[in-house]
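Down below is the structure, laid out as structure tokens.
The values are calculated or read from the model by the stated rules, or taken from the named source; none is laboratory data. Predicted model only: the values in this text are computed from it and were never measured. For neighbour counting, all protein chains shown are included, and Cβ atoms are generated from backbone atoms with ideal geometry for every residue, glycine included.
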There are 2 protein chains.
Amino acid sequence: MASLPAGSVTARDAKTRTPLPRYVDIRRAIEARIMSGELKPGDRIPGELELVDAYGVSRMTVNKALSSLAATGLLIRRRGSGSFVASPKSQETVLEIHDIKFEVEASGRRYRHEVLSSTARAATADERARLAIGGGGSVLALAVRHFADNQPFVLEDRLINVALVPEALTMRFDEEPPGTWLLKRIPWTEAEHRIRAVSASAKTAALLDLRRNAACLMIERVTWQSGTPVTSVQLIYPGDRHELAARFSPAGKTSRSR
Amino acid sequence: MASLPAGSVTARDAKTRTPLPRYVDIRRAIEARIMSGELKPGDRIPGELELVDAYGVSRMTVNKALSSLAATGLLIRRRGSGSFVASPKSQETVLEIHDIKFEVEASGRRYRHEVLSSTARAATADERARLAIGGGGSVLALAVRHFADNQPFVLEDRLINVALVPEALTMRFDEEPPGTWLLKRIPWTEAEHRIRAVSASAKTAALLDLRRNAACLMIERVTWQSGTPVTSVQLIYPGDRHELAARFSPAGKTSRSR
DNA sequence: GAGTGGTCTAGACCACTGA
DNA sequence: CAGTGGTCTAGACCACTCA
């Protein structure tokens, strides 16, 4: 362990309940050097062995600190050459998209939904494109309206891949909305979200109790299970009654949604 | 090392370039058991020591596999009791929000911007609220219009905390838009995004070359550096010309934006 | 070839949960 | 109490990069 751990024995003994793990200390120290501008994008940071000396810990511990910094995109690590401060190319944020029932109830309002239509049929060309399933596939198409305290909250337009979830055909979805049911029923491995703003069509406006052409937030999501499409859903929220919020810090995975 | 590693020596020797790390093997195996429905939300998965036996690896390796599953939210780990399959409460997705110049050029279009106005002044009450700075703070308020191939692409309305970034006052931002400059200049530690749909005001519509009341996607972002607000920006995109897209798989951090 | 990061091991001590 | 996960160590071998 060479000489003494050089300067920052850090605030471990500052009577935190359980002292911070050493790797968190180290991670924060490096973060701070980046945030302060001492280390700029592209700069090389000390190698693992140097940090082992500097902090008096084992290499695994340093590695854990650096790996977690790399995982959050603050560092680029290159085997054979070193670790470098990443140049921030984008703001990343974690969007947490909740189940609608959960979302409504979390805001203290009463949840209710109604199934507007439910049709099992061969997928149209358009639907095959949305779900990315081959020809001959059949789908269950559902339209659902969700309410919060009796006010229309969101319109749901959903396709379910019947080949993968045949039980869906026997469900009526009047107790539990299809999204909630599917979430419990089928674990997903991949999801793709698209978010955009659209003007309410006459029909949408009527169902959501809006003026025609009112701005709406549209979220489209396609969900796969190991490459097989499970479901595709289009959610239309009244623009003035809903927002997506996400908070993100590269250090500690935080996020809040509403 | 007890008896032989039980069954799955896995596909390590299946002539992949570099064989998969063992912890990835193990992570995938457990993922598969969750995806297949064999393990359902709330179920307890084998303890680390059992997995050590089952896979014939050291405990650190098992720990790495399980920790990464916990990090992506597939598992809940509780010291003293065990690891459990998480009940998916939300769809999480990583939204990658790029610098506007980068975004436009990535789509193969020519980028251009113009500064519509630039004012340094004491923050109004409203602005103090947006930026969450105390009274007496002063801000640089900027309005910028961004173009893609000479078509209006997005309107930017930005406040910069002058106390933190005084150099901003001397910048004219006609070479480089303020967002790009700030991103390089000030590293951020926290960001909050709000996304909603709004109708274009008369002024917005004129600037973006839209009908009045056209649906627009509005992204608001506040950025902090260790608790101090850096900048707040409001971006208004024409709803029919822009969408946010994000792809996410819990296993391997992927995401795509446009 | 020296230095880097990626992975792995076989131990260890601890804090916490549950019976 | 025995079992769990969280952390840590002091080694090790490897693939890779760069001078």
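So that you can scan it fast, the table gives a plain yes or no per residue for (1) more than 20 Å from residue A:193 (Cα to Cα); (2) at pLDDT below 90:
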{"residue": "A:122", "(1), (2)": "yes, yes"}
{"residue": "A:131", "(1), (2)": "no, yes"}
{"residue": "A:138", "(1), (2)": "yes, yes"}
{"residue": "A:149", "(1), (2)": "yes, no"}
{"residue": "A:169", "(1), (2)": "yes, no"}
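Sub-9 Å Cβ pairs linking a first residue in the range A:99-110 that is within 21 Å of residue A:188 (Cβ to Cβ) to a second residue that is of a type in the set (Lys, Arg), at least 6 apart or interchain, are A:99/B:89; A:102/B:89; A:103/A:258, ordered by first then second residue. Once the range A:95-112 is narrowed to residues that are part of a strand (DSSP E or B) and more than 14 Å from chain B (Cβ to nearest Cβ), the residue that is farthest from residue A:142 (Cα to Cα) is A:111. Just one of the listed residues (A:156, A:127) is assigned by TED's automatic domain parsing to the domain that holds residue A:113 and farther than 24 Å from residue A:101 by Cα, and it is A:127. Of all residues in the range A:200-213, exactly one satisfies the criterion of being within 10 Å of chain B (Cβ to nearest Cβ) and at pLDDT 95 or above, namely A:200. Among the residues making up the range B:54-86, those that are away from DNA strand C (no atom under 11 Å from the Cβ) and in a helix (DSSP H, G or I) are B:54, B:66, B:67, B:69, B:70, B:71. For the range A:113-131, what are the residues that are among the aliphatic types (A, V, I, L, M), surrounded by 15 or more Cβ atoms within 10 Å (Cβ to Cβ) and not in a helix (DSSP H, G or I)? Hits for the range A:113-131 are A:115, A:123.
For the range A:46-77, filtering for residues that are touching a strand residue (DSSP E or B) at 6+ places or on another chain (Cβ under 7 Å) and surrounded by fewer than 19 Cβ atoms within 10 Å (Cβ to Cβ) leaves 5.
The strands (runs of 3 or more DSSP E) located wholly in the range A:168-248 that include 2 or more residues which are of a type in the set (D, E, K, R) and over 24 Å from residue B:211 (Cβ atoms) occupy A:190-199. Residues that are within 12 Å of DNA strand D (Cβ to nearest atom) and within 18 Å of residue A:73 (Cβ to Cβ) do occur in the range B:70-90, at least one of them. Note on the range B:178-187: among residues that are of a type outside the set (Gly, Ala, Ser) and under 15 Å from residue B:159 (Cβ atoms), the one that is nearest to the other protein chains (Cβ to nearest Cβ) is B:186.
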